[in-house]
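This report refers to the structure that appears directly beneath it.
No lab work stands behind these numbers, since they all come straight from the coordinates. In this text the structure is predicted, and so the values were computed from the model without any measurement. Reconstructed Cβ throughout: ideal geometry from the backbone, glycine too, with neighbour counts over all protein chains shown.
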Amino acid sequence: MNSDLIIRPFHCRDREELWLIFQKAFNKDYDPALWEWKFDNNPFQPSGAPVIYVAEKNGEIAGAAALLPVPFQVNQQRLPFYWGTDLMVHPRFQGLGIAQTMYRHLSKKHEIIMSIGASEAALQLLLKKTSWFKMSGFKRLTCYLDPTPFLKNKIPIMGSMLCPLSKWLLKPFLAHPPGQDQLVNLREIKKIGPEFDQLWEEVAPYYPISVCRTRQYLQWRYQADPGKKYTFYGLLKNKKLLGYFVLESGRPLTKNGFSEGMLMELVAKPGDNKTMAILVQGALRAAKNQGCHLVRCITTSGRETPYRREKFFDLPQWDIRFFGSADFNKISKKLIKNPELWMITFGDSCF
């Protein structure tokens with residue numbers, strides 16, 4: 001079906017055409033500032049050029065698939081690694097198997113690629129038609145701070161009157177973050193300094209398979225991102241950084257009227273229960289101060305205890321779709337497919 005399909009590397013002259021295909025495929029414009037951040041200014045590009053593959057059919061660009069290189073480790077050994085992003089096929093060429101062909105092409109070209117997010121139908125087709133595999137065991141946990149928007153949305157007339165009563169009835173299920181006076185060593189951080197590299201060196205062995213949260217990565221991933229609002233908070237003791245979290249707020253309201261706080265990162269030694277507890281509590285306090293009604297995070301069963309203690313709970317239908325491709329002649333399949341070895345956060349999923 002695709003014998004006349006050519007997949008070639010991206011050229012700078014393709015950019016505007018890909019933006020047009022993106023608009024046609026997803027019914028929204030591609031933000032030039034987002035492109036510049038993801039591709040032009042990504043400090044981890046191996047050759048200084050975007051890792052994008054363009055599909056041509058009968059001499060016309062039919063679609064493209066992009067990869068984002070980031071620093072990555074497996075048992076503290078750096079490996080070339082890419083997040084899949086911006087897979088697009090022009091509507092006129094959809095249904096011809098172009099996306100599957102491109103996924104197969106990516107698998108042949110790169111040792112390990114992972115991706116988060118896809119419709120269930122698209123994922124099942126991908127798993128059936130290609131060598132890509134699904135990762136399981138990753139949870140998206142939710143912690144509610146204020147149920148008011150849900151009540152006002154579902155019962156507009158009575159919602160406002162029932163809110164005080166509902167907060168009392170739901171008190172056992174709602175988080176009640178401590179006051180700022182109990183989090184005195186937790187500080188908002190404006191500048192990501194060398195202490196973040198020092199912390200990562202200390203905690204990296206506890207996260208065997210992970211994107212390396214180095215100073216350079218954090219600066220690019222969060223401070224250079226042109227479209228999101230992130231705040232950093234660090235836990236300090238004698239001027240030493242023990243851990244930190246990154247919170248995103250300001251997203252559009254959900255259909256139920258909730259303002260979401262997304263816990264993008266929470267980094268500390270997993271066995272340091274006190275530090276982990278303070279960071280989770282601090283994230284809830286920061287989210288509440290920023291007007292969030294709930295907070296979400298991504299974790300695995302083996303790392304969920306600090307969140308469960310603060311009344312995060314799992315809604316299985318909201319768990320993430322995490323899938324990828326790996327050359328198991330070079331990388332252990334048993335290792336890569338073990339979810340408890342991975343560190344996955346919302347910071348990995350929002351590209």
Subject >> Full-stretch length increase - ASP314, ARG251 - with 0.36 nm per residue and alpha-carbon distance subtracted >> reply: 20.6 nm
Original post:
What is the Å³ per residue value for the convex hull set by the Cα atoms of the stretch 5-136?
Top reply: 121 Å³
Original post:
Taking R0 as 22 Å, what's the FRET efficiency between HIS105 and LEU20 from their Cβ-Cβ distance, rounded to 0.05?
Top reply: 0.50
**OP:** Calculate the spin-label point distance for SER301 paired with SER3, positioning each point 7 Å from the Cα along the beta-carbon direction, and give it in nanometres.
**Re:** 4.9 nm
Original post:
Tell me, what HN-Hα J-couplings in whole Hz come from the Karplus equation 6.51 cos²θ - 1.76 cosθ + 1.60 at θ = phi - 60° for each residue of the stretch 285-299, using x for Gly and Pro?
Top reply: 4, 4, 5, 5, 5, 8, x, 7, 8, 8, 10, 10, 8, 10, 7
Original post:
Once phi is turned into θ = phi - 60°, what whole-Hz ³J(HN,Hα) does the Karplus curve with 6.51, -1.76 and 1.60 give for every residue of the stretch 6-21, x standing for Gly and Pro?
Top reply: 10, 10, 9, x, 5, 10, 4, 6, 7, 4, 5, 5, 5, 4, 5, 5
**OP:** Would you mind calculating the gained length between ASN329 and ASN289 on full extension (0.36 nm times residue separation, minus the Cα-Cα distance), in nm to one decimal?
**Re:** 9.5 nm
Subject >> Cα-Cα P(r), the stretch 183-332, percent of pairs per 5 Å interval >> reply: 2, 8, 17, 20, 21, 17, 9, 4, 2, 0, 0
**OP:** Just need log10 I(q)/I(0) for the stretch 248-337 at q = 0.16 Å⁻¹, Debye formula, equal scatterers on the alpha-carbon atoms, no solvent, rounded to two decimals.
**Re:** -0.78
Subject >> Neighbour cut-off at most 12 other Cβ (10 Å), DSSP loop, trypsin sites (Lys or Arg not before Pro), the stretch 243-323 >> reply: LYS255
**OP:** Would you kindly state how much longer the chain becomes between ASP40 and ALA122 on full extension, computed as 0.36 nm times their sequence separation minus their alpha carbon distance, in nm to one decimal?
**Re:** 26.6 nm
Subject >> Phi-based couplings in Hz for the stretch 227-237 (Karplus 6.51, -1.76, 1.60; Gly and Pro marked x) >> reply: x, 10, 10, 10, 10, 9, 10, x, 9, 10, 9
